[in-house]
1. Could you tell me whether region 151-158 includes any residue that is open to solvent by less than 60 Å² (accessible area, probe 1.4 Å), in a helix (DSSP H, G or I) and farther than 22 Å from V116 by Cβ?
2. Regarding R207, is this residue touching a residue at least 40 places away in the same chain (Cβ under 8 Å), of a type in the set (K, R), over 29 Å from G273 (Cα atoms) and assigned to a helix (DSSP H, G or I)?
3. Here are R134, R176: which of them is open to solvent by 10 Å² or more (accessible area, probe 1.4 Å), at pLDDT 90 or above, of a type in the set (K, R) and closer than 21 Å to Q220 by Cα?
4. Tell me the helices (runs of 4 or more DSSP H) entirely within region 1-94 that contain at least 3 residues that are of a type in the set (A, V, I, L, M, F, W, C) and open to solvent by 50 Å² or more (accessible area, probe 1.4 Å).
5. I'm trying to understand the selection: among the residues of region 95-117, which are farther than 18 Å from L177 by Cα and either surrounded by 22 or more Cβ atoms within 10 Å (Cβ to Cβ) or among the hydroxyl-bearing types (S, T, Y) (or both)?
6. Test T120 against the stated conditions and say whether it is under 19 Å from W266 (Cβ atoms), among the β-branched types (V, I, T) and open to solvent by less than 30 Å² (accessible area, probe 1.4 Å).
7. If you check every pair at least six apart or on different chains, which have Cβ atoms under 7 Å apart with a residue in region 125-142 that is assigned to a helix (DSSP H, G or I) first and a residue that is open to solvent by 40 Å² or more (accessible area, probe 1.4 Å) and of a type in the set (A, V, I, L, M) second?
Amino acid sequence: MSATAPPTVAALTRQRRRRAAARFWRQYTTHRAGLVGLAALVLLALLALSAPLTVGSDVASVTGAPGRPLQSPSGEFWLGTDRFGRDLLGLLVWGSRVSLLIGLLAAVLSVAIGAVVGITAGHFRGAYATVLMRVTDWFLVMPTLVLAIALATVLPRSLGTVVLAIGVTTWPTTARLVRAQTLAVESRPYIERAKALGGGHWHIMTRHVLPNVMPLVLAQTTLMISSSILAEATLAFLGLGDPTVVSWGGMLQEAREAGAVSSGDWWYLVPPGIAIAGVALAFTLCGRAVEAVLNPRLGVAR
């Protein structure tokens, strides 16, 4: 009888990852607030993905508006209509696609920049790290919103500009956190052994440092999404977003231009405001739960 072949390295790696994912999910489910946030985000993601089927891409059309301007909520229009007679419920669902997309892309860009700066500054140190940290300090003391407004003003008005404006102004906090974690990792004995065995800078940073800071990067990404969505809403409310797309911040900006505050048209203001606050809260709850699972020493309340 032939002996059973031992599992390959790839099979062992996949098995170890599956066990880690299962362990993460078991620990995540113990955080009730995190589960509530995750359920809300899953529901919102399904609504955003199904928007072309449920509300249609012509929901933003001004010429084909189905109602009269500024109709109050009714059986026909559950959230009323805007100043052009468009269904606000349809606009709210369609706007979730842009707000979520910008929030995700801006958060990924911000965390990616912060992770690269933090890892390299913690690994190389010396004059290189000093310069990077002084640049980081400069970004930290400068008002983030002012920098984002300046970038959004001088660049063409588009979704890419909004993502860039948010991403390149919100990375310093991540850089600081990742650098501190990198310094802690590089003080461990196995890093010295890797260097003694001939491991280069790229090998140390990618094979040893990066896997150890990834939990922090993942938690920071989840938390940054809510901040990015709020920043996008702020820029759109100030008229610096893409005027050709529908977003929650853009809906608030249109409501302000239509005089909804002074005229008391609450249905024009409340739904997008609640949507922005709700999504930011949901991402924050998920981020806190992820942070608690990946770093139990933080002692985050469940």
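1. Yes, because at least one residue in region 151-158 is open to solvent by less than 60 Å² (accessible area, probe 1.4 Å), in a helix (DSSP H, G or I) and farther than 22 Å from V116 by Cβ.
2. Values: touching a residue at least 40 places away in the same chain (Cβ under 8 Å): no; of a type in the set (K, R): yes; over 29 Å from G273 (Cα atoms): yes; assigned to a helix (DSSP H, G or I): yes.
Criteria not met by R207.
3. From the options R134, R176, the qualifying one is R176.
4. 9-28, 32-49
5. First, pick out the residues of region 95-117 that are farther than 18 Å from L177 by Cα: 95-106.
G95, S96, V98, S99, L100, I102, G103, A106, listed by residue number.
6. On the way: under 19 Å from W266 (Cβ atoms): no; among the β-branched types (V, I, T): yes; open to solvent by less than 30 Å² (accessible area, probe 1.4 Å): yes.
Judged against the criteria, T120 is not a match.
7. From residues that are assigned to a helix (DSSP H, G or I), there are no pairs.
Rundown of residues vs (1) over 16 Å from the mean Cα position of the chain (by Cα); (2) surrounded by 16 or more Cβ atoms within 10 Å (Cβ to Cβ), yes/no style:
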{"residue": "L197", "(1), (2)": "yes, no"}
{"residue": "R207", "(1), (2)": "yes, no"}
{"residue": "V217", "(1), (2)": "no, yes"}
{"residue": "L230", "(1), (2)": "no, yes"}
{"residue": "P243", "(1), (2)": "yes, no"}
{"residue": "A260", "(1), (2)": "yes, yes"}
{"residue": "W266", "(1), (2)": "yes, no"}
{"residue": "G278", "(1), (2)": "no, no"}
{"residue": "A289", "(1), (2)": "no, yes"}
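The values are calculated or read from the model by the stated rules, or taken from the named source; none is laboratory data. All figures in this text were calculated on a predicted structure; none of them were measured in a lab. All Cβ positions, glycine included, derive from the backbone under ideal geometry; neighbour counts span all protein chains shown. Each accessible area value is taken on the protein alone, full model and side chains, heavy atoms only, with ligands, DNA and RNA left out. Shrake-Rupley method; radii C 1.70, N 1.55, O 1.52, S 1.80 Å.
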